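Everything below concerns the one structure shown next.
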Amino acid sequence: MHTFIQDLRYALRQLTRSPGFAATVIITLALGIGANTAIFTIFDQVLLRMLPVEKPKELVRFEWTGAFSDV
């Protein structure tokens, strides 16, 4: 545990020496984490959750692939 605290102190010291690099790192991490969270939230809502209907396993999807004729 002591070495972890030393490593953390060293990392913070290095980040304070170059604030531009630190800001870039923090912004990049924030954007990456935010984008990952947004994509997973959309994926969870669209594909993983069951539909709010009474019997979702009995739903059927019809798809027409043919052409309509002018008869």
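The values are calculated or read from the model by the stated rules, or taken from the named source; none is laboratory data. Worth saying up front: this structure is predicted, and the values here are computed from it rather than measured. Don't worry about glycine lacking a Cβ; one is built from the backbone with ideal geometry, like all the others, and counts go over all protein chains shown. Surface areas here come from the heavy atoms of the whole protein model, side chains and all, with no ligands, DNA or RNA. Shrake-Rupley method; radii C 1.70, N 1.55, O 1.52, S 1.80 Å.
Annotations
- Taking 0.36 nm per residue of separation and subtracting the current Cα-Cα distance, fully stretching the chain between residue 68 and residue 47 would add 4.4 nm.
- Taking all protein chains into account, the per residue accessible area for the chain stands at 102 Å² (1.4 Å probe).
- Cut-off of 10 Å, at most 12 other beta carbons, DSSP loop: longest stretch of the chain lacking such chymotrypsin sites (Phe, Trp or Tyr not before Pro): 1-61
- Portion, in percent, of the accessible area of the chain that falls on carbon or sulfur, probe 1.4 Å: 67
- For the chain, the convex hull spanned by the alpha carbon atoms encloses 221 Å³ per residue.
- Estimated inter-spin distance, residue 5 and residue 27, nm [label 7 Å along Cα→Cβ]: 3.4
- The solvent-accessible area of residue 8, taken with every protein chain present and a 1.4 Å probe, is close to 90 Å².
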